[in-house]
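> Would you mind keeping the following structure in view while I ask a few things?
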2 protein chains.
Amino acid sequence: MKIGVDAMGGDYAPLHVVLGAIQALDSLASDSTIVLFGNERKIREICHPRQIDALRMEIVSTAQVIEMGEHPVKAFQQKKDSSLVAGFLALQQGAIDAFAGAGNTGAMLVGAQSILKTVKGLTRPCISAVFPVQTGGSALLLDVGLNADCRPDNLFEFGLLGSVYARNIMGIKNPRVALLNIGEEPDKGNMLTRETYELMDGNPSFHFVGNIESSHLFSGTIADVIVTDGFAGNIVIKQAEAMFQLLKDFGFGNAFFDRFDYEVYGGTPILGINAPVVIGHGASSPRAIAHMILKSEATYKAGLVQKIKEAISNE
Amino acid sequence: MKIGVDAMGGDYAPLHVVLGAIQALDSLASDSTIVLFGNERKIREICHPRQIDALRMEIVSTAQVIEMGEHPVKAFQQKKDSSLVAGFLALQQGAIDAFAGAGNTGAMLVGAQSILKTVKGLTRPCISAVFPVQTGGSALLLDVGLNADCRPDNLFEFGLLGSVYARNIMGIKNPRVALLNIGEEPDKGNMLTRETYELMDGNPSFHFVGNIESSHLFSGTIADVIVTDGFAGNIVIKQAEAMFQLLKDFGFGNAFFDRFDYEVYGGTPILGINAPVVIGHGASSPRAIAHMILKSEATYKAGLVQKIKEAISNE
């Protein structure tokens with residue numbers, strides 16, 4: 001397979017991206033190659049003295065860069081010769097099989113929705129986060145920021161997307177899906193969660209186990225997939241990041257807490273669009289970039305997009 | 001002053017409550033006394049062999065108990081001879097100056113709103129949580145669970161209440177008030193936070209400093225008072241509790257993290273009602289109960305209710 005990477009995306013691009021891509025080659029399948037979109041001269045300088053053409057890597061030369069602070073929609077429309085736009089077009093045309101980038105998140109989402117489009121029958125795509133749980137393994141939280149205002153049917157769809165993701169990427173056979181709420185009983189919560197509970201309860205599309213309070217997020221005893229709106233979800237993951245940073249500042253660490261490090265997960269696929277796209281963290285290190293590329297390979301090889309299409313069309 | 005305490009409220013009542021009340025006496029002002037509402041025989045048994053009447057404590061004997069799992073409104077209406085209802089009536093009649101309880105939170109809120117009533121001009125009362133920040137001192141988060149669905153004007157009022165609380169109870173001269181959001185820019189967030197930002201920006205009632213992301217909750221560099229709806233606020237505090245518990249499970253601890261322990265704060269006043277009421281944690285230890293009682297004394301002595309009335313009437 002061919003994995004496209006935005007070499008100009010991220011706070012430390014292109015340096016960290018190119019170094020991360022080289023790191024990733026050690027772990028990718030032997031038939032996987034990387035296509036770097038970006039400034040060819042700069043990319044070759046970073047690779048030097050290695051011969052990039054000997055490395056299972058190609059370069060697609062682009063002249064423009066969408067910067068981190070730019071307005072996503074405007075930048076995407078105006079910078080047609082940017083690494084980010086070129087990557088999305090290549091994915092749409094089938095020249096690459098997946099696309100990954102740690103640049104302007106808004107522009108990545110605009111590209112995904114305007115060029116690749118949302119899967120037919122689905123109302124909205126979303127993004128997710130994976131974090132460690134005390135029973136071992138991981139849990140999935142979604143949406144974590146793409147949809148700040150949601151309706152009950154959006155959350156229902158996130159439950160479906162999360163269930164498909166947990167089965168196919170996380171290897172969980174019958175994922176327990178819970179609704180993030182401020183009480184365990186069905187009638188607890190705000191208008192959104194109370195109505196969503198009714199939609200989810202007893203549905204045959206995924207294994208709904210009820211409400212989960214945030215005090216149980218890391219326990220692993222209640223759920224594998226936790227559904228919430230993009231506002232609450234974004235607050236949860238940024239608070240977890242803040243706590244992880246506090247622990248690092250105080251010199252605390254162990255195998256469990258180290259798994260909160262986003263470097264290990266590398267990136268999150270946009271769930272519910274017609275091709276595999278993975279978004280990395282803006283501050284990505286080479287190691288984080290390598291994991292973002294590996295996540296793209298795993299997403300493609302698991303046939304996630306097709307599995308999501310099937311799940312949606314069965315609704 | 002006379003501090004009323006629901007001796008039958010809490011998972012370990014009346015034992016922990018009575019022991020906590022005895023502990024509190026060491027730190028209360030010499031003219032402060034405690035009035036315990038509950039089963040007189042049980043209370044005297046726990047005090048034994050101390051003579052309760054020698055301890056600056058009184059007992060108001062009640063026959064009924066509102067249990068933790070009971071429906072708040074029904075229980076409050078039906079159990080007229082419960083310790084909880086008797087406490088609220090005593091506060092309303094001026095027989096005590098403040099009331100504190102670690103029992104059924106819903107019933108405490110029903111009592112506050114139905115007997116004491118919301119301050120004139122205020123739309124809704126709320127509850128808050130205090131947590132440590134890295135710059136030293138503490139920050140205040142509100143609402144943390146009383147109002148799951150909010151309008152922009154509710155959040156505006158929480159900013160006002162939080163500002164008065166931070167000034168009078170936390171000793172912060174010109175509290176910085178921020179809006180919890182999923183981005184720093186004014187146009188970020190959901191419909192609620194975008195509209196609330198416009199209401200708060202440039203208002204003369206409190207010192208609004210803009211949006212705060214949850215990654216900065218514990219930094220202390222941006223805000224002293226953080227405003228959010230009761231859904232997001234409840235998720236934040238329960239996630240912080242979960243993290244604190246994880247740290248304890250792993251044997252991590254230091255002076256900073258120990259301040260996440262709710263025992264130190266003891267309880268949270270209901271902000272925006274016509275008399276001082278403090279709610280404690282259901283699982284309160286004697287130490288937590290003692291701090292809940294001290295918080296009631298501090299709330300009364302700071303004249304918080306009067307200060308809130310003045311702030312609201314100036315709007």
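> When residues of segment B:171-210 are filtered for being touching a Lys or Arg at 6+ places or on another chain (Cβ under 8 Å), within 12 Å of chain A (Cβ to nearest Cβ) and within 22 Å of B:Leu161 (Cβ to Cβ), how many remain?
Of the residues in that region, 3 qualify.
> Would you mind finding the one in A:Ala148, A:Ala178 that is buried (at least 19 other Cβ atoms within 10 Å of the Cβ), of a type in the set (A, V, I, L, M, F, W, C) and in contact with a His (Cβ under 9 Å, 6 or more places away or on another chain)? Can you show your working first?
Working: A:Ala148 fails: in contact with a His (Cβ under 9 Å, 6 or more places away or on another chain).
Answer to the selection: A:Ala178.
> Search segment A:180-207 for residues that are modelled with pLDDT of 95 or more and pair each with any residue that is of a type in the set (Ser, Thr, Tyr) when their beta-carbon atoms are under 7 Å apart and the residues are at least 6 apart or on different chains.
Note: pairs meeting the criteria are A:Leu180/A:Ser214; A:Leu180/A:Thr228; A:Asn181/A:Thr193; A:Phe206/A:Ser163.
Rundown of residues vs (1) within 18 Å of B:Ala95 (Cβ to Cβ); (2) modelled with pLDDT under 95; (3) open to solvent by less than 30 Å² (accessible area, probe 1.4 Å), yes/no style:
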residue: B:Val17; (1), (2), (3): no, no, yes
residue: B:Leu36; (1), (2), (3): yes, no, yes
residue: B:Asn39; (1), (2), (3): no, no, no
residue: B:Lys42; (1), (2), (3): no, no, no
residue: B:Ile46; (1), (2), (3): no, yes, no
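> Sticking with this one: Please tell me if A:Gly220 is more than 8 Å from every other protein chain (Cβ to nearest Cβ) and not hydrophobic (A, V, I, L, M, F, W, C). Walk me through how you get there before you give the answer.
Details: more than 8 Å from every other protein chain (Cβ to nearest Cβ): yes; not hydrophobic (A, V, I, L, M, F, W, C): yes.
Considered against the rule, which asks whether it is more than 8 Å from every other protein chain (Cβ to nearest Cβ) and not hydrophobic (A, V, I, L, M, F, W, C), A:Gly220 comes out as yes.
> Take the conditions of a type in the set (Ser, Thr, Tyr) and either closer than 30 Å to B:Ser219 by Cα or touching a Gly at 6+ places or on another chain (Cβ under 7 Å) (or both) and apply them to B:Thr123. Does it pass?
Details: of a type in the set (Ser, Thr, Tyr): yes; either closer than 30 Å to B:Ser219 by Cα or touching a Gly at 6+ places or on another chain (Cβ under 7 Å) (or both): no.
Judged against the criteria, B:Thr123 is not a match.
> Checking the conditions here, which among B:Ala7, B:Ala13 is open to solvent by less than 10 Å² (accessible area, probe 1.4 Å) and of a type outside the set (Val, Ile, Thr)? Give the derivation first.
Numbers: B:Ala13 fails: open to solvent by less than 10 Å² (accessible area, probe 1.4 Å).
Result: B:Ala7 is the single residue among B:Ala7, B:Ala13 that is open to solvent by less than 10 Å² (accessible area, probe 1.4 Å) and of a type outside the set (Val, Ile, Thr).
> Suppose we filter segment B:195-206 for residues that are surrounded by fewer than 18 Cβ atoms within 10 Å (Cβ to Cβ) and of a type outside the set (Asp, Glu); how many remain? Before you say what the answer is, go through the steps one by one.
First, the residues of segment B:195-206 that are surrounded by fewer than 18 Cβ atoms within 10 Å (Cβ to Cβ): B:195, B:198-199, B:201-205.
Okay, now just the ones that are also of a type outside the set (Asp, Glu), so B:199, B:202-205.
Result for segment B:195-206: 5.
> Please work out which residue is most open to solvent (accessible area, probe 1.4 Å), limiting yourself to segment B:48-82 and to residues that are closer than 22 Å to B:Leu25 by Cβ and among the β-branched types (Val, Ile, Thr). Walk me through how you get there before you give the answer.
Residues of segment B:48-82 closer than 22 Å to B:Leu25 by Cβ: B:48-62.
Add one more test, that the residue is among the β-branched types (Val, Ile, Thr), and what stays is B:52, B:59-60, B:62.
On the way: B:Ile52: 6, B:Ile59: 36, B:Val60: 53, B:Thr62: 13 Å².
That would be B:Val60.
> What pairs come out if I take residues in segment A:287-315 that are among the charged types (D, E, K, R) and pair them with residues that are assigned to a helix (DSSP H, G or I) whose C-beta lies under 6 Å away, six or more apart or interchain?
A:Arg287/A:Glu263; A:Lys307/A:Val164; A:Lys307/A:Asn168
> So, in segment B:232-241, how many residues would count as being open to solvent by less than 10 Å² (accessible area, probe 1.4 Å) and touching a helix residue (DSSP H, G or I) at 6+ places or on another chain (Cβ under 7 Å)? Steps first, answer last, please.
Kept after step one, since they are open to solvent by less than 10 Å² (accessible area, probe 1.4 Å), are these residues of segment B:232-241: B:232-233, B:235-236, B:239.
Imposing the further condition that a residue be touching a helix residue (DSSP H, G or I) at 6+ places or on another chain (Cβ under 7 Å) reduces the set to B:232, B:235-236, B:239.
Within segment B:232-241, residues that are open to solvent by less than 10 Å² (accessible area, probe 1.4 Å) and touching a helix residue (DSSP H, G or I) at 6+ places or on another chain (Cβ under 7 Å) number 4.
> Take segment B:248-286 and flag every residue that is free of Cβ contacts under 8 Å to residues at least 40 places away in the same chain and under 20 Å from B:Met68 (Cβ atoms).
Once the filter is applied, which keeps residues that are free of Cβ contacts under 8 Å to residues at least 40 places away in the same chain and under 20 Å from B:Met68 (Cβ atoms), segment B:248-286 yields B:Tyr262, B:Glu263, B:Gly266.
> Restrict the check to segment A:130-139 and report whether at least one residue is within 12 Å of chain B (Cβ to nearest Cβ), over 14 Å from A:Ile226 (Cβ atoms) and open to solvent by 10 Å² or more (accessible area, probe 1.4 Å).
If we filter segment A:130-139 for residues that are within 12 Å of chain B (Cβ to nearest Cβ), which is where we start, we get A:131-134.
If we keep only those that are over 14 Å from A:Ile226 (Cβ atoms) as well, we get A:134.
Subset that is open to solvent by 10 Å² or more (accessible area, probe 1.4 Å): A:134.
The answer is yes; a qualifying residue exists.
> Further question on the same structure: Considering only segment B:243-267, how many residues are open to solvent by less than 10 Å² (accessible area, probe 1.4 Å) and over 15 Å from the mean Cα position of the chain (by Cα)? Before you say what the answer is, go through the steps one by one.
Residues of segment B:243-267 that are open to solvent by less than 10 Å² (accessible area, probe 1.4 Å), as a first pass: B:243, B:246-247, B:257, B:266.
From the residues that got through so far, the ones that are over 15 Å from the mean Cα position of the chain (by Cα) too are B:243, B:246-247, B:257.
The number of residues fulfilling the criteria is 4.
> Let me ask something else. Please enumerate the residues belonging to segment A:149-170 that are at pLDDT 95 or above and assigned to a loop (DSSP other than H, G, I, E, B).
Across segment A:149-170, the qualifying residues are A:Asp149, A:Cys150, A:Arg151.
> Looking only at segment B:284-302, decide whether some residue is more than 30 Å from B:Glu185 (Cβ to Cβ) and within 12 Å of chain A (Cβ to nearest Cβ). Steps first, answer last, please.
Of all residues in segment B:284-302, those more than 30 Å from B:Glu185 (Cβ to Cβ) come to B:284-302.
The next check asks that each one be within 12 Å of chain A (Cβ to nearest Cβ); those that pass are none.
The answer is no; no qualifying residue exists.
> Out of the residues in segment B:223-252 meeting the condition of being polar (S, T, N, Q) and within 15 Å of B:Phe158 (Cα to Cα), tell me which one is nearest to the other protein chains (Cβ to nearest Cβ). Steps first, answer last, please.
In the first step, residues of segment B:223-252 are kept if they are polar (S, T, N, Q); the result is B:228, B:234, B:239, B:245.
Checking which are within 15 Å of B:Phe158 (Cα to Cα) leaves us with B:228, B:234.
Numbers: B:Thr228: 8, B:Asn234: 4 Å.
In this case the residue turns out to be B:Asn234.
> Can you name every residue in segment A:242-274 that is out of contact with any Gly (no Cβ under 9 Å at 6 or more places or on another chain) and among the small types (Gly, Ala, Ser)?
A:Ala242, A:Gly251, A:Gly253, A:Ala255, A:Gly272
> A further question follows. Please work out if A:Gly282 is crowded, with 24+ Cβ neighbours inside 10 Å, of a type outside the set (Ser, Thr, Tyr) and modelled with pLDDT under 95. Let's see the steps before the verdict.
Numbers: crowded, with 24+ Cβ neighbours inside 10 Å: no; of a type outside the set (Ser, Thr, Tyr): yes; modelled with pLDDT under 95: yes.
Spelling it out, it is not the case that A:Gly282 is crowded, with 24+ Cβ neighbours inside 10 Å, of a type outside the set (Ser, Thr, Tyr) and modelled with pLDDT under 95.
The values are calculated or read from the model by the stated rules, or taken from the named source; none is laboratory data. Everything quoted here is computed from the prediction, not taken from an experiment. Using ideal geometry, Cβ is built from the backbone for each residue, glycine included, and neighbour counts are taken over all protein chains shown. In case anyone asks, the SASA skips ligands and DNA or RNA and just uses the protein heavy atoms, side chains included. Shrake-Rupley method; radii C 1.70, N 1.55, O 1.52, S 1.80 Å.
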